[in-house]
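Coordinate-derived values only; no laboratory data. All values reported here derive from a predicted model rather than from experimental measurement. Note that we place each Cβ from the backbone using ideal geometry, even for glycine, and neighbour counts take in every protein chain shown.
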Amino acid sequence: MADDGLPKPEPKEIDEKLALQLKHLAEDAVLKGKPYGDEKCGNCLYYLNTDEDISYCWHPKLRILVGMEWWCQWWEKIEE
Ligand code: SF4
């Protein structure tokens, strides 16, 4: 990118606040960016759209976007 004299983008206070909130949320859920054996967001009850690589997790303690290959301790089997 050309140097156009504009200040370099930097995280703002809101970004630091959100980053901290999300970090605590992820720690609470023991959220990991990879599957736990056969368990992963993509085959969890709370993963809203199993056709998407990234989808909304509607678990009441999360309510965030997660990746299909992620996992957390609240993983729940989808009943047939
Ligand atoms: S509850 Fe956990 S495992 Fe299930 S979709 Fe949400 S983050 Fe993924």
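Points worth noting:
- The mean sequence distance of close C-alpha pairs (under 8 Å, at least 6 residues apart), as a share of the length of the chain, puts its relative contact order at 30 percent.
- Max mean-square fluctuation residue, GNM over the chain, Cα-Cα springs under 10 Å, options Ile64, Ile54, Ile14: Ile14
- The chain: angle of helix 13-29 to the longest principal axis, Cα-based, in degrees nearest 10: 20
- Overall form of region 32-80 per C-alpha gyration tensor (a/c, 1.5; a/b vs b/c): rounded
- Sites Leu48 and Ile14 - FRET efficiency at Förster radius 35 Å, r taken between beta-carbons, to 0.05: 0.85
- Value in Å of the Kirkwood radius, where region 9-63 supplies the Cα pairs that are averaged: 12.9
- Loop-resident trypsin sites (Lys or Arg not before Pro) (DSSP state other than H, G, I, E or B) in the chain with no more than 10 further Cβ atoms inside 10 Å of their Cβ: Lys12.
- For Met68, neighbours were defined as the other residues whose beta-carbon sits under 9 Å from its Cβ, and their charges (Lys and Arg +1, Asp and Glu -1) total -2.
- Given +1 at the Cβ of Lys and Arg, -1 at the Cβ of Asp and Glu and no other charges, the dipole of region 32-80 around its Cα centre is 340 debye to the nearest 20.
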